[in-house]
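Structure first, then comments.
Throughout, read-outs are computed from the coordinates displayed, never taken from laboratory work. Nothing here was measured: the structure is a model prediction, and the numbers come from that model. Cβ placement follows ideal geometry from the backbone for every residue including glycine, while neighbour counts extend to all protein chains displayed.
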Amino acid sequence: MKINLIVLALFGLSLFSCKERPKINEAKPAENTELEQLSLLIKGDSNNAALYNQRANYYLSRNDVALALNDINKALQKNSKDQALFLTLAEIYLKMGQPDGCNSALQKAVEIDPENSVPYFRLAELNLLLEDYTTAMMYADRSLNMHQLNPDAHFVKGLIYLAKNDTTNAIRNFQFSLDQRELFLEPLIQLGKIYTIQRNNLAALYLEKAIRQFPEAYDARYQLALYLQDNERVEEALIHYDTLLQLLPENKYVLFNIGYLQLVYLNNFEKAIQFFDEVLLNDPNYVDALYNKGRALEELGQFMNSREIYNEVLRRESNHHLAIEALNRLDLRR
């Protein structure tokens, strides 16, 4: 069976951002205790802006943006000259999808203390998200002019170069950020992704290091599994996918790629169908999973069922070229 006859999920785990990761078995009582302690401290010192900022960041870490905004506004009423408060406010606005508010808060932070490099690389991050790479680079360079060894600024600069398809300078900045901070997950993942695309064995070295240092870095493990899959190291890829599946049993990308490996490399067509059915149970609109299920049924000789599925794929996505080719292939069997 040729691989190009089957759809492969090559994208990363979009639900895992660098700053937000799924939490397994969260310790709810400990969290509540932390919140209770902060609230008690605030009750005893209601004019302490720093305490409100702490509680705002607590809420922010749990995506409770409304309560975070309420607390940071109280903090700013008590101290409008504290740069840290405006940095928190900027993060809240970013979570709210309000880039203008985020920019205003960061500019105020710069106004309060123009010698601090942090607001500048935050502005670089913001403009990177807005795809204004020139402005993003300007702020990254300003941050580095104040603190040349700043690993965060070098990482952001690497992302800017990557967005501009300059992988050479991206690699240089990611590596420099690692030289300055050994335990730094994000550049390890980015280097792993770049070298995966380049089919360079360094990909595995960076991603394995990421997993050793950060065992719960699911995006790093997924990227390593993709690298192994791309290099036809099927059994090794399955080990990592199985680990991910134990932690994230409903993740459609993990399920999809296990089904793909069962279909393409192991010829376990019935098992492949089980995994594609799991994908479709979680996301009925995942057209490529539906197509691959049809391909597995075709391999089992269930031509009528596979034809029905290919037709359903085309009803949902009329230009799905693999489904068109599949129906033409089935027509030749008649």
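Hey, in the GNM for the chain with a 10 angstrom Cα cutoff, which one of 182, 208, 125 fluctuates hardest?
182
Quick one: if you take sqrt(5λ) for each eigenvalue of the C-alpha gyration tensor of region 251-333, what semi-axes come out, biggest first, whole angstrom?
19, 15, 9
Across 10 Å bins from the origin, how do the percents of Cα pairs in region 55-199 run, short distances first?
Answer for region 55-199: a P(r) of 12, 36, 34, 15, 2, 0 percent.
How would 132, 331 line up from fewest to most surrounding beta-carbon atoms within 10 angstrom?
In order of increasing Cβ crowding within 10 Å: 331, 132.
Between residue 270 and residue 78, how high is the FRET efficiency from 1/(1 + (r/R0)^6) when r is the Cβ-Cβ distance and R₀ = 51 Å? Nearest 0.05.
The computed FRET efficiency comes out at 0.20.
Taking 7 Å along the Cα-to-C-beta vector as the label spot, tell me the residue 132-residue 282 distance in nanometres, rounded to one decimal.
Those two pseudo-labels are separated by 3.8 nm.
Where does helix 28-44 land angle-wise versus the long Cα axis of the chain, in degrees 0 to 90, nearest 10?
Relative to the chain, helix 28-44 is tipped by roughly 20 degrees.
Order of 240, 320, 147 from fewest to most other C-beta atoms within 10 Å?
147, 320, 240
From Cα pairs below 8 angstrom and at least 6 apart in sequence, can you work out the relative contact order of the chain, rounded to a whole percent?
11
Against the globular-protein guess of 2.2 N^0.38 Å, express the Cα radius of gyration of region 183-249 as a ratio, rounded to two decimals.
Here the answer is 1.00, to two decimals.
Please turn the phi angles of region 201-207 into ³J(HN,Hα) values with the Karplus equation 6.51 cos²θ - 1.76 cosθ + 1.60 (θ = phi - 60°), one per residue in order, whole Hz, x for glycine and proline.
5, 4, 3, 5, 4, 5, 6
Considering only 225, 240, 201, whose Cα is most displaced toward the positive end of the charge dipole of region 183-249, charges sitting on Cβ of Lys, Arg (+1) and Asp, Glu (-1)?
Result: 201.
Pairing the Cα long axis of helix 167-180 with the longest principal axis of the chain, what angle in degrees results, from 0 to 90 and rounded to the nearest 10?
50
If one takes the longest principal axis of the Cα atoms in the chain, at what angle in degrees, from 0 to 90 and to the nearest 10, does the Cα axis of helix 49-61 lie?
The answer is roughly 0 degrees.
Kindly write out, for region 63-80 in residue order, the coupling ³J(HN,Hα) from the Karplus curve 6.51 cos²θ - 1.76 cosθ + 1.60 (θ = phi - 60°), rounded to whole Hz, with x marking Gly and Pro.
Those phi angles translate into 6, 8, 5, 4, 5, 4, 5, 4, 5, 5, 5, 5, 4, 5, 5, 8, 7, 8 Hz.
Which residue, 191, 41, 89, has the most motion in a Gaussian network model of the chain that connects Cα atoms within less than 10 Å?
41
Over the Cα atoms, compute the radius of gyration (one decimal) and Dmax (the largest Cα-Cα distance, rounded to a whole number) for the chain, in Å.
For the chain, the Cα-based Rg and Dmax read 24.4, 83 Å.
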